[in-house]
1. For the list (1) modelled with pLDDT under 85; (2) surrounded by 14 or more Cβ atoms within 10 Å (Cβ to Cβ); (3) under 30 Å from residue 70 (Cβ atoms), I need the number of the one condition that residue 161 fails.
2. If you check every pair at least six apart or on different chains, which have Cβ atoms under 6 Å apart with a residue in segment 64-78 that is among the small types (Gly, Ala, Ser) first and a residue that is surrounded by 13 or more Cβ atoms within 10 Å (Cβ to Cβ) and in a helix (DSSP H, G or I) second?
3. Select from segment 128-150 the residues that are more than 16 Å from the chain's Cα centre (by Cα) and modelled with pLDDT under 85 and list them in ascending order.
4. Test residue 71 against the stated conditions and say whether it is under 18 Å from the mean Cα position of the chain (by Cα) and hydroxyl-bearing (Ser, Thr, Tyr).
5. Could we say that residue 47 is within 19 Å of residue 138 (Cα to Cα), modelled with pLDDT under 90, in contact with a Gly (Cβ under 8 Å, 6 or more places away or on another chain) and open to solvent by 50 Å² or more (accessible area, probe 1.4 Å) here?
Amino acid sequence: MKLLKKLNNRGFMLVETLITTVFIMVIFSLIYTNLMPFVGEYERMENYDTVESVYVAHWARKLVLDGLPDSYFNTVKTNGYVKLDANSFNADIRDLVNGYLIANGVEQIYLTTYNTEKFKNYVSNSDSFERDFEEYIAYLPSYKNNAAKQNYYRVIVEYHGYLDNDVNSYGTIEVIR
């Protein structure tokens, strides 16, 4: 009798092993499917809105507030954005702006309305922007909730990062004027 009971336990052990294996595979598949979107989002945001990019955008905001003529803000309200360079700023801070552009590897500064929808449409329909910049602009929220605020703008900075000069990095920050 005892011999028969031992033979019957082998089948139970096989079923138990299969159930445990299936259970572990289900857990790993759930972890994988829930973790991969985070990994993809991390890779996408690797060069977007880092501490470095917010720092670079912060100083661009300071320059915009201190030395940009009012006519540029009126143009932004009309067109949805304006492209800035050193000549856009008042003559008394142009040297400071040139130093900022060179020291931070800034290629371009854009001043947009707080609601970036108009700028997004322009960038997506234009062929004059690089693919990386188009992806960054598409990544940005539209900020529609605060679109009614009259004196709110956004500064978007395109620059070469400190770690890799071949890769463009981007940053944005709000400007309240």
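1. So residue 161 meets the others, but not (3).
2. 67/93
3. Residues satisfying the conditions are 144, 145, 146, 147, 148, 149, 150.
4. no
5. yes
To keep it simple, each residue is scored yes or no on (1) assigned to a helix (DSSP H, G or I); (2) open to solvent by less than 70 Å² (accessible area, probe 1.4 Å); (3) closer than 29 Å to residue 110 by Cβ; (4) at pLDDT 80 or above.
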| site | (1), (2), (3), (4) |
| --- | --- |
| 18 | yes, no, no, yes |
| 29 | yes, yes, no, yes |
| 32 | yes, no, no, yes |
| 42 | yes, no, yes, no |
| 54 | yes, yes, yes, yes |
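The values are calculated or read from the model by the stated rules, or taken from the named source; none is laboratory data. If you're wondering where the values come from, they're calculated on a predicted model, not measured in any experiment. Methodologically, a virtual Cβ is constructed for each residue, glycine included, from the backbone with ideal geometry; neighbour enumeration extends over all protein chains shown. Remember, those area values only see protein heavy atoms, side chains included, never the ligands or the DNA or RNA. Shrake-Rupley method; radii C 1.70, N 1.55, O 1.52, S 1.80 Å.
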